[in-house]
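The values are calculated or read from the model by the stated rules, or taken from the named source; none is laboratory data. Here the structure is a predicted model, which means the values were calculated and not measured. Methodologically, a virtual Cβ is constructed for each residue, glycine included, from the backbone with ideal geometry; neighbour enumeration extends over all protein chains shown.
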Amino acid sequence: MKLPYLAAIAVVLSPTLLRAQSPVSTYISDNNVHIDRNIFNHMDVGISLGSTGIGLDVSTNVTDWVRLRAGIDYMPEFTVPMNFSISSYKEEPDVDGGYGVNEGNFNKLQELMYGITNIHVDERVEMQGRPTFWNFKFMVDVMPWSNKHWHLTAGFYLGSSKIATARNTIEEMPSLLAVNIYNHYYDFAKSGAFWDEPLIPGYDDYYMSPELAEKLIDKGAVGIHVGNFKDGRPYMMRPGSDGLVRAKALVNKFRPYIGFGYDNEIKGTSGRLTVGFDAGVMFWGGSPKVVTHEGVDLVNDIDNVQGKVGDYIDIINVFKVFPSVNFRIAYKLF
């Protein structure tokens with residue numbers, strides 16, 4: 001059985017184990033028998049900061065050596081810059097069986113696109129990645145040693161399956177709009193319909209000239225070279241119908257966690273304040289998927305992803321779990 005599922009089973013079974021293991025003390029007062037099970041006899045509220053973001057939680061000891069924690073973590077928004085290049089490409093293989101991606105002659109392509117769209121197209125598309133990371137967490141801390149400072153932890157995080165997004169910057173929208181217009185002309189030229197159909201249906205005065213159609217077919221379609229499919233074809237991402245290019249990172253909503261930590265009281269606070277850390281791993285459920293607006297998974301479908309995005313994809317493939325380190329300060333309510 002895999003380790004994350006063992007952690008999840010431990011969390012599910014913990015209430016039963018706690019009932020079986022909770023220390024029971026009995027005393028007599030005013031001829032009445034009182035039973036103190038030492039459950040929920042105090043509560044802490046904690047604030048944490050670390051790789052899972054900013055956290056807020058409450059915790060309570062249910063025995064001398066077991067503590068429950070529950071709360072939420074939220075990752076503040078920040079941006080990660082990245083970019084891709086715009087280039088023309090051939091949609092069918094050449095005589096040698098290869099696919100041509102023309103990344104070295106952008107000036108002529110830029111002139112042709114300007115003549116069609118009246119828009120100066122940037123060679124590179126700037127994008128920004130943003131985390132969309134929040135989690136509910138439930139943890140069981142076990143403190144098997146006598147000093148109760150060190151603890152082992154099993155638990156889970158539960159949150160949205162979408163943990164990050166990426167999209168082009170606003171400044172790139174004119175260029176992406178020009179790409180869509182150009183590709184509309186290219187698709188029309190390639191279909192051969194320019195011989196007997198108007199460029200705009202219903203407007204019989206607007207036909208594409210054979211000379212323009214020949215130039216378009218010679219240049220090829222235009223897209224953003226992200227990487228290559230497994231069969232060697234280039235993945236040339238086209239903007240969506242809204243003129244945007246987007247991607248999102250997806251993982252399992254339920255994410256088991258195992259780790260360890262250390263807590264200690266702050267001197268001079270009469271035991272009210274404690275400070276410590278937690279370190280462990282959150283299990284994604286395999287490598288995250290990074291899916292574009294066209295439905296292509298950059299992690300599993302594409303090789304040799306370009307630029308910084310390729311570096312991020314390589315890291316994702318190496319780390320199939322999310323390393324977690326968080327520092328926590330807690331205040332004892334009662």
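Let's see how each residue does on (1) in a strand (DSSP E or B); (2) on the phi > 0 side of the Ramachandran plot; (3) modelled with pLDDT of 90 or more:
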position	(1), (2), (3)
Asp141	yes, no, yes
Ala164	yes, no, yes
Leu176	no, no, yes
Ile181	no, no, yes
Phe188	no, no, no
Gly202	no, yes, no
Met208	no, no, no
Is it the case that segment 261-269 has a residue that's at pLDDT 95 or above and farther than 19 Å from Pro81 by Cα? yes
Can you tell me which condition Thr274 does not meet? The list is (1) of a type outside the set (A, V, I, L, M); (2) surrounded by 16 or more Cβ atoms within 10 Å (Cβ to Cβ); (3) outside any strand (DSSP E or B), and all the others hold. (3)
Ala279 passes all but one of the listed conditions (1) among the small types (Gly, Ala, Ser); (2) under 25 Å from Met237 (Cα atoms); (3) touching a residue at least 40 places away in the same chain (Cβ under 8 Å); the exception is number (2)
Out of Thr52, Thr63, sole residue that is modelled with pLDDT under 90 and under 30 Å from Trp150 (Cα atoms): Thr63
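If I go through segment 224-240 residue by residue, how many of them are in contact (Cβ under 8 Å) with a residue 24 or more places away in the chain and part of a loop (DSSP other than H, G, I, E, B)? Spell out how you get there, then give the answer.
Quick first cut of segment 224-240, residues in contact (Cβ under 8 Å) with a residue 24 or more places away in the chain only: 224-230, 232-240.
Filter again for part of a loop (DSSP other than H, G, I, E, B), leaving 230, 232-233, 238-240.
Number satisfying all stated conditions: 6.
Is one or more of the residues making up segment 283-305 of a type in the set (A, V, I, L, M), touching a residue at least 40 places away in the same chain (Cβ under 8 Å) and farther than 24 Å from Arg238 by Cβ? Write out each step before concluding.
From segment 283-305, those of a type in the set (A, V, I, L, M) are 290-291, 296, 298-299, 302, 305; that's our starting set.
Pick out the ones that are also touching a residue at least 40 places away in the same chain (Cβ under 8 Å) and you get 290-291, 296, 298, 302, 305.
If we keep only those that are farther than 24 Å from Arg238 by Cβ as well, we get none.
No, that holds for no residue.
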Looking at this structure, is Lys320 touching a residue at least 40 places away in the same chain (Cβ under 8 Å) and farther than 30 Å from Val222 by Cα? no
Selection over segment 288-310 where residues are under 18 Å from Thr132 (Cβ atoms) and assigned to a loop (DSSP other than H, G, I, E, B) yields a count of 4
Restricting to segment 143-188, name every residue that is free of Cβ contacts under 8 Å to residues at least 12 places away in the same chain and either surrounded by 14 or more Cβ atoms within 10 Å (Cβ to Cβ) or within 24 Å of the chain's Cα centre (by Cα) (or both). Ile170
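Please verify whether Gly115 is in a loop (DSSP other than H, G, I, E, B) and either at pLDDT below 90 or closer than 30 Å to Tyr185 by Cβ (or both), treating the condition exactly as stated.
On the way: in a loop (DSSP other than H, G, I, E, B): no; either at pLDDT below 90 or closer than 30 Å to Tyr185 by Cβ (or both): yes.
It is false that Gly115 is in a loop (DSSP other than H, G, I, E, B) and either at pLDDT below 90 or closer than 30 Å to Tyr185 by Cβ (or both).
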Ser287 versus (1) within 14 Å of the chain's Cα centre (by Cα); (2) at pLDDT below 90; (3) of a type outside the set (Val, Ile, Thr); (4) surrounded by fewer than 17 Cβ atoms within 10 Å (Cβ to Cβ): which is the lone unmet condition? (4)
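Return yes or no: is Gly259 part of a strand (DSSP E or B), touching an Asp or Glu at 6+ places or on another chain (Cβ under 7 Å) and surrounded by 15 or more Cβ atoms within 10 Å (Cβ to Cβ)? Let's see the steps before the verdict.
On the way: part of a strand (DSSP E or B): yes; touching an Asp or Glu at 6+ places or on another chain (Cβ under 7 Å): yes; surrounded by 15 or more Cβ atoms within 10 Å (Cβ to Cβ): yes.
Answer is yes for this residue.
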Pairs where the first residue, in segment 249-273, is among the aromatic types (Phe, Trp, Tyr) and the second is surrounded by fewer than 13 Cβ atoms within 10 Å (Cβ to Cβ), C-beta under 6 Å, 6+ apart: none
In this structure, is Val281 surrounded by fewer than 21 Cβ atoms within 10 Å (Cβ to Cβ), touching a Leu at 6+ places or on another chain (Cβ under 7 Å), among the β-branched types (Val, Ile, Thr) and more than 30 Å from Phe334 (Cα to Cα)? no
